[in-house]
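Asks: I'd like to ask some things about the structure below.
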Amino acid sequence: SSLPTSKPLSQPSNNPSRWPTCTPSQNPTKQPRESPSKQPALTPSINPNAFPTHQPSNAPSAQTISTPSDQPSKWPYAYPSSFPSHQPMEFPSNQPHVQPTVTPLMKPSACPSRSPSSNPSEYPRNRPISSPSDQPSLQPVEKPSLQPGMVPSQQPIVWPTATPTSQLRSLPSGQPVRDPTSQHLKHPSLQPSKSPIRSYVNRTALPTMITTLTPSMSLTEQWNAVLRETLQSAQNESSSSARQSVFYQLNVIDDRLFGFCSAWNNFINELSVSKYLYFPETISLIAVYPTSITSVVTQHRASCSNSSALNLMVDIFLSSIDGSVYCNGDMWNFRMCHGSSMSFCVNCTNPCLDSASLHSPLSLFPCPHSASESFSTTGIRLVSMSFENRFIVPNFIAIDYKASNTSVKISATLSSKGTVQCGAFTSLPMNLDEVSRQHFSAISNSKNVSVVRISNLQQMTVYSIVCYASYMGQSTQFLDALQNSFSVKTLCCKEIVVTQFLNTYVQGTNAAKFLQLSLANEPIQQLRLSIKINDSVFTSSDIYPSWFAMENMQSGAVELQSYIRPKEVGRFHFSVTVEGNFASDYVVHYGNGMNSFDIIRSDQQPSPPRIIQAAFNSDGSLVIINFDSPTNRGNTKTVFRCDSLVDFKCANMSMCQWMDSSTIYAHIYGASYCAAPRDQLRILES
């Protein structure tokens, strides 16, 4: 039949199934097969056989036999066992193993191997062997033996040692070595070389006591290194200055590497700009020369920090005229050589003379007319002028901000006119450049108020707002900007603004305007807004409509109105809830923070309107005044002088305008002492 029986046969069939199963049965048969399978089982049997088979298995058993067999196997293994036997054999094998044993023998063999290994052992023997090897090692040891051999080697080495011997031979060798030693002798030889070195460039560098791993630098490279050190030193001295202008020259033998006439013209152009933005603080003239062929360099310096003398020097530079200025005990002489090239020196008579550099190392000739005027002596000449701020950086008096779901509006009041630059960061910036690269800035108005709007932010995210002020190239220090930083969390959703028409109603009157619901100009997919009064007295029939449903609205701002029928006297609170699949995308914002209203008797007088907010607009040109309820406009005209209704600084010189029955725009007079943030503003009593 096609289906097997429920009970297996007592004896297996003569013919097994064509394909054995991949997984063996859980219980093996008690009797082994006559011929073993080609593949051994992964797990050996629990009990080994009492007698071994005639042929050993390919792999030895995990346990070694306590007594070795009398006859070794015909062929030894290619690889020795991990652990050698405790006793060595009397006679070594003809061929050593490919891999040495893990543990070395207690005693070395009588005869060493023919070729030593490329890597010596970590620790040499305490005593040398009685006879040296026939071939010396290719690499010398780090430390030579204390006693030299009695007999020198037959052949000297091709290259001399790095360090010469302390004893001189009575007679020099017949042939000099190709490369001189790195150490010079303490005493010169009795006979000079036949021909001295003529070129200054090809002179050997100053020798050192210790050999270096890298080759010696050329003369040009050495002076470039000295120039970098000199420039760094000059920069460090002016680190606290607002600005620094530097001109430098580098001559090596007959070549001028840096400091051409074009670089000097750039230096003069920088001075012309800095003169109007900064005050000169100090000027330094630095000269670095070699004192001789083999000795170190010497630096000469002259500085001036007198403000009157510095201003005179700047005028001489910019006007290209002759002049002499005495400052800090030094006389600075300026000359227009050949009528067109500025040159100056310190404590010399005439910097235009060819010998000026010999009489005064502190001399500078940026634009020579000829090679004789170029002062070709090897060395560095550097003039550095540092400046301090001329204009005062404005300080922050007050900073106000308002966050939305994707932006933050910042209103900053400065101590004087300037520009405010702000940036939003999830982690603090490293410098002011990171703030300026966000490109959110605003120039202060006549009230020194700057309004900066940072946009394209993520919803429900905490940002660190960093702002700095600047004016005429001067800006707030970075550390001060960090200290003035503050954190802002953006809102989560799109806003639904709920505004009350009135905050007081008279009992028993007809239905009156109650609420206005405003949605931003954004697509609306599916939304339901419900209005509820938190009191059982009011039902849904007392508010009309009590809910609004919107679906698939692509664009356009939405404004919805609702009406109420006043019933009972008292104070009541209301709420607006958002329902629908996209309700989490919205947040309800109650205008002026109010979500309550009063119902009074017909014989009662309502409470007078109160100012709930007075704030500058985005550009600081006017103040927006909001009341908590509609007013009778104080019986004034649409446009009126502010002091007839409102009291604040310069109200008698400012004009006000009613935008609706609960909003006034006050256009403030432009004097600096007029209304400013945090000033008092109140309504005059009638």
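The values are calculated or read from the model by the stated rules, or taken from the named source; none is laboratory data. Since this is a predicted model, take the numbers as computed values, not measurements. Please note: Cβ atoms are built from the backbone with ideal geometry, for glycine as well, and neighbour counts cover all protein chains shown. Just so you know, the surface numbers come from the protein's heavy atoms only, side chains and all, with ligands and any DNA or RNA stripped out. Shrake-Rupley method; radii C 1.70, N 1.55, O 1.52, S 1.80 Å.
Asks: From the list Gln500, Gln516, pick out the single residue that is within 15 Å of Pro566 (Cβ to Cβ), open to solvent by less than 70 Å² (accessible area, probe 1.4 Å) and touching a strand residue (DSSP E or B) at 6+ places or on another chain (Cβ under 7 Å).
Replies: Criteria check complete, one pass: Gln500.
For (1) modelled with pLDDT of 85 or more; (2) of a type in the set (Lys, Arg), each residue gets a yes or a no:
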site	(1), (2)
Trp332	yes, no
Arg335	yes, yes
Ala356	no, no
Arg390	no, yes
Tyr401	yes, no
Ser407	yes, no
Ala412	yes, no
Thr419	yes, no
Gly423	yes, no
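Asks: Do you know which of the residues in region 426-454 that are hydroxyl-bearing (Ser, Thr, Tyr) and in contact with a strand residue (DSSP E or B) (Cβ under 8 Å, 6 or more places away or on another chain) is most open to solvent (accessible area, probe 1.4 Å)?
Replies: Checking each candidate, the answer is Thr426.
Asks: Report yes if Gln421 is surrounded by fewer than 17 Cβ atoms within 10 Å (Cβ to Cβ), under 20 Å from Phe486 (Cβ atoms) and within 25 Å of the chain's Cα centre (by Cα), otherwise no.
Replies: So Gln421 fails the test.
Asks: Further question on the same structure: How do the pairs read when you match residues in region 614-625 that are of a type in the set (D, E, K, R) with residues anywhere that are not in a strand (DSSP E or B), using Cβ under 7 Å and keeping only pairs 6 or more apart or on different chains?
Replies: Cβ pairs passing all conditions: Asp619/Asn445.
Asks: Checking the condition on the phi > 0 side of the Ramachandran plot and open to solvent by 50 Å² or more (accessible area, probe 1.4 Å), which residue from Arg633, Arg601 passes?
Replies: The unique qualifying residue is Arg633.
Asks: Of the residues Ser274, Ser245, Ser233, Ser238, only one is under 35 Å from the mean Cα position of the chain (by Cα), open to solvent by less than 80 Å² (accessible area, probe 1.4 Å), within 29 Å of Met472 (Cα to Cα) and at pLDDT below 80; which?
Replies: Exactly one of Ser274, Ser245, Ser233, Ser238 is under 35 Å from the mean Cα position of the chain (by Cα), open to solvent by less than 80 Å² (accessible area, probe 1.4 Å), within 29 Å of Met472 (Cα to Cα) and at pLDDT below 80, namely Ser238.
Asks: Would you pick out the residues in region 535-565 that are among the polar types (S, T, N, Q) and either assigned to a strand (DSSP E or B) or within 17 Å of Asn595 (Cβ to Cβ) (or both)?
Replies: Scanning region 535-565 gives Ser546, Asn552, Gln561, Ser562.
Asks: Restricting to region 514-534, give me the number of residues that are assigned to a loop (DSSP other than H, G, I, E, B) and modelled with pLDDT of 80 or more.
Replies: Selection size over region 514-534: 1.
Asks: Checking the structure you have, find out if any residue of region 628-649 is part of a strand (DSSP E or B) and of a type in the set (Gly, Ala, Ser).
Replies: No, there is no match, as no residue in region 628-649 is part of a strand (DSSP E or B) and of a type in the set (Gly, Ala, Ser).
Asks: Name every residue in region 566-586 that is among the acidic types (Asp, Glu) and in a loop (DSSP other than H, G, I, E, B), in order of residue number.
Replies: Glu568
Asks: Where residues in region 535-556 are at pLDDT 85 or above and either open to solvent by 100 Å² or more (accessible area, probe 1.4 Å) or among the basic types (Lys, Arg) (or both), which of them is nearest to Gln507 (Cα to Cα)?
Replies: Tyr544
Asks: Can you find even one residue in region 310-329 that is open to solvent by 70 Å² or more (accessible area, probe 1.4 Å) and at positive phi?
Replies: Checked against the condition, which is being open to solvent by 70 Å² or more (accessible area, probe 1.4 Å) and at positive phi, region 310-329 yields at least one hit.
Asks: Let me ask you something else. Please verify whether Leu482 is crowded, with 19+ Cβ neighbours inside 10 Å, over 23 Å from Asn617 (Cβ atoms) and touching a residue at least 12 places away in the same chain (Cβ under 8 Å), treating the condition exactly as stated.
Replies: No; evaluated as a whole, the condition is false for this residue.
Asks: I need the full set of residues from region 557-589 which are within 24 Å of Gln525 (Cα to Cα), of a type in the set (Ser, Thr, Tyr) and either open to solvent by 70 Å² or more (accessible area, probe 1.4 Å) or modelled with pLDDT under 85 (or both), in order please.
Replies: Selection gives Ser584, Tyr586.
Asks: Still on this structure: Please go through region 455-508 and give me each residue that is of a type in the set (Val, Ile, Thr), more than 23 Å from Thr406 (Cα to Cα) and outside any strand (DSSP E or B), ordered by number.
Replies: Matches in region 455-508: Thr476 only.
Asks: Taking interchain pairs and intrachain pairs at least six residues apart, which have beta carbon atoms under 8 angstrom, with the first residue in region 331-342 and closer than 12 Å to Leu364 by Cα and the second open to solvent by 20 Å² or more (accessible area, probe 1.4 Å) and of a type in the set (Lys, Arg)?
Replies: Met342/Arg335
Asks: Across region 377-412, what is the total count of residues that are of a type in the set (Asp, Glu) and in contact with an Asp or Glu (Cβ under 8 Å, 6 or more places away or on another chain)?
Replies: 1
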